[in-house]
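Report on the following structure.
The values are calculated or read from the model by the stated rules, or taken from the named source; none is laboratory data. These numbers come from a predicted model, not from an experiment. Cβ placement follows ideal geometry from the backbone for every residue including glycine, while neighbour counts extend to all protein chains displayed. These accessible areas exclude ligands, DNA and RNA; they are computed on the full protein's heavy atoms, side chains included. Shrake-Rupley method; radii C 1.70, N 1.55, O 1.52, S 1.80 Å.
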Amino acid sequence: MAGTEFDKAVEAVSALDEDPGNDTKLRLYALYKQATVGDVDGKRPGFTNPVGRAKYDAWAGLAGTSSAQAEADYVAEVARLTGG
């Protein structure tokens, strides 16, 4: 997938008028990290950091997904949100 499609989708998320909700934001976060960094590494945050845990868990759920697939899924998710 062309990187420009992904870049446009990243910009489109910043321009959203409505909050898509925590579940969608976590999914977008995880897809973005998987596409740009790869599989999660490091230790899972402790129970005193529930936001960090949720982000880690969402990203870890995509382990093994290729960068290209994560980009494609991110673009598709953003298209669904923006009606594009």
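Of note:
- Subset of the range 51-64 [more than 27 Å from ASP17 (Cβ to Cβ) and surrounded by fewer than 18 Cβ atoms within 10 Å (Cβ to Cβ)]: GLY52, ARG53, ASP57, ALA60, GLY61, ALA63, GLY64
- With respect to the stated conditions, TYR74 fails to be assigned to a helix (DSSP H, G or I) and open to solvent by 50 Å² or more (accessible area, probe 1.4 Å).
- Filter result for the condition that a residue is in contact (Cβ under 8 Å) with a residue 24 or more places away in the chain and either of a type outside the set (A, V, I, L, M) or in contact with a helix residue (DSSP H, G or I) (Cβ under 8 Å, 6 or more places away or on another chain) (or both), over ALA72, ALA9: ALA9
- Qualifying residue in the range 23-39 (condition: free of Cβ contacts under 8 Å to residues at least 40 places away in the same chain, surrounded by fewer than 10 Cβ atoms within 10 Å (Cβ to Cβ) and outside any helix (DSSP H, G or I)): no
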